[in-house]
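Take a look at the structure set out below.
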Amino acid sequence: MEVISRIRRDYILHLLQQGKRVDGRAFDQFRTVTVEKGLIKTANGSAMVKIGGTQVMAGVKIEKGEPFPDQPEEGILVVNAELLPLASPTFEPGPPSEEAIELARVVDRGIRESKCIELEKMAITPGEEVWTVFIDIYVLDHDGNLIDASALAALSALIDTKPPADEAWKLPGFSLRKFPVAVTLAKINGQLLVDPCLEEEQVMDARLTMTFTEDGALCAMQKGGSGSLTREDVERAFRMARQKSEELRRLAGGP
Amino acid sequence: MNRPEKLIVDGRRLDGRAPDEMRSLKIVAGPLQRADGSAYVELGNNKVLAAVYGPREMHPKHEAEPDHCILRCRYMMAPFSVEERKRPGPDRRSMEISKVIREALEPVLFLEYYPRAVIDVFVEVLQADAGTRTAGINAAAVALADAGIPMKDLVSSIAVGKVDGTVVLDLTKMEDQFGETDMPVAMIARRKEITLLQMDGHFTEEEFRHALDLAFRGCEKVYEAQRQALKEKYMVR
């Protein structure tokens, strides 16, 4: 677990009371976000996203696989996240932690529920063979807000994705119907702020991640942390997150 | 299970409920002998048991915290609890649910009272019909109270969602599978503080607000049932 000294915690909370954040940002301001696509030649699509000091790479691979018996004509989406030991002193090698599983599942939900990938058109031989879209999220440097960075990296990698060079691929290309973007807000001492940095995450009471598509609809949501949220928090978060999602979507190259 | 043509017919759901109506809810406090606290919840066709052990010494010791108690939750589904046998043991879904259940309960506990200790909450789903995490939270909260662990209040939980374009309270498996949206919510009902909030599917802003309204009202009903269960066991007659 990450440890923060009490004096540092008090300093961060004290600043917030004065309406200031520890790194000088406004409450509704993201750190500098950069998106680079197509860095990995061996992947069908890839992207590197940096949000402040946080760095996340996502790679998409499309391979043939067996369908699930209850959906014999549908392609499969697999989202996996690795919290690499090189990304933080608190990440350890071994089976995925609770944190890694939650991260992957929150990103998965945004992509799956927005129906951005045309999985229902990805059968090769119904009941026997379908295309599987693997999205692997590689967390390289953990400086807070891994969810937004990972979701943006996944979306950017999907936008970058070229179909496999295989005759069995029948779709005209690889295109997305929707562009889901996740925005996370932290609640600290009753205040809501977007894109918490690592230190803010260490002192936050709760966080709320909301994933929006470009039509302004909500497609996934996840509360985290051991604090609670009021109805006003949730409604304010909805509006802040939706607005911020538009900025991030443009950076990823979406509409 | 095949998709029925309609999930809502003449304003009624397939099981006859109105959109804002909950399934039947039965809560029993303290059904288990050995556990420090326990509860059994039936929400429609869901059957869920929760047991609480502790505060007790943390094993493994290195996971203990010097300034507070650890709340450890384990949500599990019995292999026979679903249509097709589920392989026993934890999977990614159950690990995530265990985490969000823990975070839903932590806000009402005084974990700083028991440094170096652990409170174990075990949630076992015996029969599942959508809403198992909410039923599990409802059971766990009553079990914690039954264990005599100091709490600020109970935590009450219910799911809302959208089926055939209508926002509904407390989805069944059929509605969850073939509906558009599922949004489990848990809250401290009297203070209206949300401690669990997840969602997948599709909501516009208006639908989302309406869903929150339904969830608030649902949780209040659950809260009453939880209190009633504790009174049943502890009231001096």
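All of the numbers you see were taken from the coordinates with simple rules; none came from a lab. Predicted, not measured: the structure shown is a model, and the values here were computed from it. Note: ideal-geometry Cβ built from the backbone for every residue, glycine included; neighbour counts use all protein chains shown.
An oblate overall shape is assigned to the protein assembly as shown, the ratio a/c of its alpha-carbon gyration tensor axes (a ≥ b ≥ c) being 1.5 or greater and a/b not exceeding b/c. Taking Cα centre as origin and charging only the Cβ of basic (Lys, Arg, +1) and acidic (Asp, Glu, -1) residues, the dipole magnitude of the protein assembly as shown rounds to 980 debye.
Under the convention that each Lys and Arg Cβ holds +1 and each Asp and Glu Cβ holds -1, the size of the dipole of region B:16-234 around its Cα centre is about 760 debye. If you line up the long axis of helix B:132-146 against the longest principal axis of chain B, both from Cα atoms, how many degrees apart are they, to the nearest 10? Taking Cα atoms only, the helix is inclined about 30 degrees.
Our note on the geometry: Cα centres of region B:181-237 and region A:189-229, 20 Å apart.
For region A:14-88, trypsin sites (Lys or Arg not before Pro) meeting the loop criterion (DSSP other than H, G, I, E, B) and having at most 16 other Cβ atoms within 10 Å: A:LYS20, A:LYS41.
Projecting the Cα atoms of B:GLY165, A:GLY19, B:ASN45 onto the charge dipole of the protein assembly as shown, computed from C-beta unit charges around the Cα centre, puts A:GLY19 farthest toward the positive end.
Here's the picture: charge each Lys and Arg Cβ at +1 and each Asp and Glu Cβ at -1 in the protein assembly as shown, and of A:GLN29, A:ALA154, A:ALA165 the one pushed furthest to the positive end of that dipole is A:GLN29. Adding -39500 (n - 2.57) for every DSSP H run of four residues or longer, then dividing by how many residues chain A holds, sets the calculated 222 nm ellipticity at -9000 deg cm²/dmol. GNM remark for chain A: springs join alpha carbons under 10 Å apart, and the peak mean-square fluctuation among A:ASP23, A:ASP108, A:ASP141 falls on A:ASP23.
Principal-axis analysis of the Cα atoms of chain A puts helix A:146-160 at an angle of about 30° to the longest axis. Pairs of Lys residues in chain B that lie 8 or more places apart, or on two chains, and have C-alpha atoms under 22 angstrom apart add up to 28. To the nearest 10 degrees, how steeply does helix B:205-234 sit against the main Cα axis of chain B, on a 0 to 90 scale? Once rounded, the angle reads 50 degrees. Which of B:PRO150, B:PRO107, B:PRO55 moves the most in a Gaussian network model of chain B with Cα springs under 10 Å? Result for chain B, Cα springs under 10 Å: B:PRO150 fluctuates most. Calculated translational diffusion coefficient of region B:1-80 (10 °C, 1.306 mPa s; Stokes-Einstein with Kirkwood radius over alpha-carbon pairs) equals 95 µm²/s. Placing +1 on the Cβ of every Lys and Arg and -1 on the Cβ of every Asp and Glu, with no other charges, gives region A:24-252 a dipole of roughly 720 debye about its Cα centre.
Considering only B:TYR40, B:TYR75, B:TYR114, the mean-square fluctuation computed in a Gaussian network model of chain B, springs between alpha carbons under 10 angstrom, is largest for B:TYR114.
Relative to one another, the C-alpha centroids of region A:29-59 and region B:84-111 are positioned 31 Å apart. Rounded if a/c is under 1.5, else prolate if a/b beats b/c, else oblate: with a ≥ b ≥ c from the C-alpha gyration tensor eigenvalues square-rooted, which is region B:86-149? Prolate.
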